[in-house]
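First the structure, in the form of structure tokens, and then the observations on it.
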Amino acid sequence: MLLTVQEAGFSYSGGGRIFEDISLSVEEGEVLCLLGANGVGKSTFLQCLDGIHPLSEGEILLDGRSLSSMSRRQISREIAFLPQFHRASFPFRVLDIVLMGRTPHINFLATPGKRDIDMARKTLESLRILHLEEKPYTQISGGERQLVLLASALVQEPHLLLLDEPTTHLDFGNQARFLEIIKNLARQGIAIVMSTHFPDHALLAASTVAIIRAGKLLGFGEPAKVLTEELIQETYDVDVRVIHLEDAGIRTCVPVLSENRDRMKKRRGEAFPLEPSSPE
Amino acid sequence: MQTWIQRRPRSWRILLVGLPLAMLLLSFMVGRYPIPLRTVAKILLAQIFPIEHDWPHTVEAVVLQIRMPRIIGALLVGSGLAVSGASFQGIFHNPLVSPYILGVASGAAFGAALGILFSFGTVMLHVTSLLFGILAVIFTFAIGRAQSKAPPLVLVLSGVVVGSFFSALISTIKYVADPFEKLPTIVFWLMGSLSRITPDLIAVAAPLMGIGVVALGAMRWRINILSLGEEEALALGIDTGKERGCIIFLCTLLTASAVCLSGIIGWVGLVIPHLARMMVGPDYRHLFPACLSLGGFYVLGIDNLARTLSQGEIPLGILTALIGAPFFAWLLTKNRVGW
């Protein structure tokens, strides 16, 4: 097992408990999707997985080694992390941003060499954004920026890739394309853990899904089994229907608004007049 | 928008080497006692090659004993402040900070003023100046840190707070200083002047600043990564606490030594990094040499004006602010700063 999390818990030094008793594992080539409402600690959990915050309880094992015994440099050679917000203070060139991903592999006082530059350009090309290489990173679109950051994470040559809500700021088409890229990377053997706000993304791209609610693991396992209507409802506190599109082999999840609910109730009432109405 | 360096990599290198060199030669020539270029060149070359002495001894004394230390001092101060300003901006990922704004300069100046008050030797002067400079930046960072995540504005504000606290301490020193001997020295030096520079002051400051510049230069790629932000740098394997601390120490060393040489010279550490960034972009691999070159060029040029504009000597700090402030205002209004 590449990544094993054992009964992990984290509280801030001030006392605020973020999560507790989370156990899960990720294998090479797997995509684990983290789901949970706003503010349940998905970002903090991901930061813990990268060793940025030390756990308060439990342990994280990377290839059998305890993460807390590894230096920042050692961790960064195994794990790449894409934070949710990246506010760039300075207008670096796209190529330079990607080159920065090589930092774990170059000597302490050295600068990137020709091999690193070749690798960065190759990665940009594989993501089809080589034409951006000379552009200032501050002047490209949000979708392009996400791909540039991904390229920067990939030249780190990670075994594990952590993505904090990578699709949140992307438009519909870019979301789908990004998921496609993620699946491709997993096929190449990289383990991926990503948090997302969209259960659909887990249903589309994940091999396993973990749901966090109130700081605890509510469900962990295969998306089709874990992501039931009841569980999604409990997670987000909203009515949903999960629909199975059999011809495409896709499950999708749709929220049900109050107007739709009334309509559904009415239709159900016509079809099954004896069914008791749900308590509300 | 491509930066200048991407469009013409060769011409910028020539310019960045040529500008300070030309200014260097000019600085030997101008002053109360003008010396022609030929003579300057011959005197300088005579230090290395055997050339027949066909110039008066007084001219040689002016070039080597009066102008030489001052020119070296100007280059050290300009390059040191510009490089430390650029590095501070990088590691605080904040284009608005400078040694002056972070309170480092005021802290270092207080330390040096103490040194003058108690007639410390050159080495002790550097030590107290460095100590109080570090103290000031620790205060600034601690206050900024208390506000959760130290957004750029809080850091600037806490720098202002710390800076004015140390300015008040400096005023206290002025108040108690002997009005006939110590006070004029402190006041004139605080306004920023290179006229106090002596060879033994250079002998202490130059190696210190040399170490600072070389060490910072070696870390230029690390500064790039730190300028991305805390989480990003950690994820890329940087031990941010240690490395940022190391860079802050080196920047403070440069600032404190510059303050010992010339008092408080504002604006160089803020304006030069911006100018350099406009020319070569934000990458410290290029920004660093550009700041060295432009910083030295700028202060040397300003010092030449200070020496020649009037009969007396205009304090350098006044001129750098008179030129630097409007220039920065122009940058802001033109929105050319690019952050």
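The values are calculated or read from the model by the stated rules, or taken from the named source; none is laboratory data. Bear in mind that the values here come from a model prediction, so they are computed numbers and not experimental data. So basically every Cβ, Gly included, is an ideal-geometry build from the backbone, and we count neighbours across all protein chains shown. Accessible surface areas use protein heavy atoms only, side chains included; no ligands, DNA or RNA. Shrake-Rupley method; radii C 1.70, N 1.55, O 1.52, S 1.80 Å.
For the reader, a short list of remarks on this structure follows.
- Residue check for B:PHE327: open to solvent by 10 Å² or more (accessible area, probe 1.4 Å) and either of a type in the set (Val, Ile, Thr) or more than 16 Å from the chain's Cα centre (by Cα) (or both): yes
- Looking only at the stretch A:124-134, and only at residues there that are surrounded by fewer than 22 Cβ atoms within 10 Å (Cβ to Cβ) and touching a Leu at 6+ places or on another chain (Cβ under 9 Å), the one that is nearest to A:PHE45 (Cα to Cα): A:LEU127
- Helices (runs of 4 or more DSSP H) enclosed by the stretch A:90-194 - at least 1 residues per element that are in contact with a Gly (Cβ under 8 Å, 6 or more places away or on another chain): A:114-126, A:142-154, A:172-187
Residue-wise test of (1) of a type outside the set (Phe, Trp, Tyr); (2) within 22 Å of A:ASP237 (Cα to Cα); (3) open to solvent by 20 Å² or more (accessible area, probe 1.4 Å).
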residue: A:GLU165; (1), (2), (3): yes, yes, no
residue: A:THR168; (1), (2), (3): yes, yes, yes
residue: A:LEU185; (1), (2), (3): yes, no, no
residue: A:ILE192; (1), (2), (3): yes, no, no
residue: A:LEU203; (1), (2), (3): yes, yes, yes
residue: A:GLY221; (1), (2), (3): yes, yes, no
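- Restricting attention to the stretch B:204-228, the residues being without any contact (Cβ under 8 Å) to a residue 40 or more places away in the chain and either hydrophobic (A, V, I, L, M, F, W, C) or within 14 Å of chain A (Cβ to nearest Cβ) (or both) number 6.
- Annotation: of all residues in the stretch A:62-109 being touching a Leu at 6+ places or on another chain (Cβ under 7 Å) and among the charged types (D, E, K, R), the one that is farthest from B:LYS242 (Cα to Cα) is A:ASP63.
- Enumerated helices (runs of 4 or more DSSP H) restricted to the stretch B:126-235, each holding at least 2 residues that are under 21 Å from the mean Cα position of the chain (by Cα): B:152-176, B:182-190, B:199-218, B:220-226
- Checked against (1) open to solvent by 20 Å² or more (accessible area, probe 1.4 Å); (2) under 21 Å from A:VAL98 (Cβ atoms), B:GLY210 passes all but condition (2).
- Residue within the stretch A:220-241 that is closer than 19 Å to A:LEU82 by Cβ and assigned to a helix (DSSP H, G or I) present: no
- Enumeration of residues in the stretch B:238-249 that are at the interface with chain A (Cβ under 7 Å from one of its Cβ atoms) and open to solvent by less than 10 Å² (accessible area, probe 1.4 Å): B:ILE238
- When we screen A:ARG145, A:ARG72 for residues that are over 21 Å from A:ASP171 (Cα atoms) and of a type outside the set (Val, Ile, Thr), the only hit is A:ARG72.
- Some residue of the stretch B:184-191 being surrounded by 19 or more Cβ atoms within 10 Å (Cβ to Cβ), within 9 Å of chain A (Cβ to nearest Cβ) and not charged (D, E, K, R): no
- Taking the stretch A:1-45 and the strands (runs of 3 or more DSSP E) fully enclosed by it, the elements with 1 or more residues that are surrounded by fewer than 21 Cβ atoms within 10 Å (Cβ to Cβ) are at A:3-11, A:17-26.
- Positions within the stretch A:82-120 being open to solvent by less than 30 Å² (accessible area, probe 1.4 Å), acidic (Asp, Glu) and more than 10 Å from chain B (Cβ to nearest Cβ), in sequence order: A:ASP116
- Pair list, Cβ under 9 Å, 6 or more apart: the stretch A:14-42 residue farther than 22 Å from A:ILE232 by Cβ, other residue open to solvent by 40 Å² or more (accessible area, probe 1.4 Å) and basic (Lys, Arg): A:GLU20/A:LYS216; A:GLY29/A:ARG187
- Whenever a residue of the stretch B:88-101 is at the interface with chain A (Cβ under 8 Å from one of its Cβ atoms), its partners that are open to solvent by 10 Å² or more (accessible area, probe 1.4 Å) and part of a helix (DSSP H, G or I), lying with C-beta atoms within less than 6 angstrom and at least six residues away or across chains, give the pairs B:ASN94/B:PRO152.
- There is no residue in the stretch B:92-103 that is in a helix (DSSP H, G or I) and surrounded by 17 or more Cβ atoms within 10 Å (Cβ to Cβ).
- Considering B:VAL59, B:VAL63, B:VAL97, B:VAL104, the condition of being in contact with a Gly (Cβ under 6 Å, 6 or more places away or on another chain) and either at pLDDT 90 or above or over 16 Å from B:ASN304 (Cβ atoms) (or both) is satisfied by B:VAL104 alone.
- The condition of being more than 14 Å from chain A (Cβ to nearest Cβ), under 17 Å from the mean Cα position of the chain (by Cα) and touching a residue at least 24 places away in the same chain (Cβ under 8 Å) holds for only one of B:ALA113, B:ALA74, that being B:ALA74.
- Check on B:ARG307, basic (Lys, Arg) and either crowded, with 22+ Cβ neighbours inside 10 Å or within 14 Å of chain A (Cβ to nearest Cβ) (or both): no
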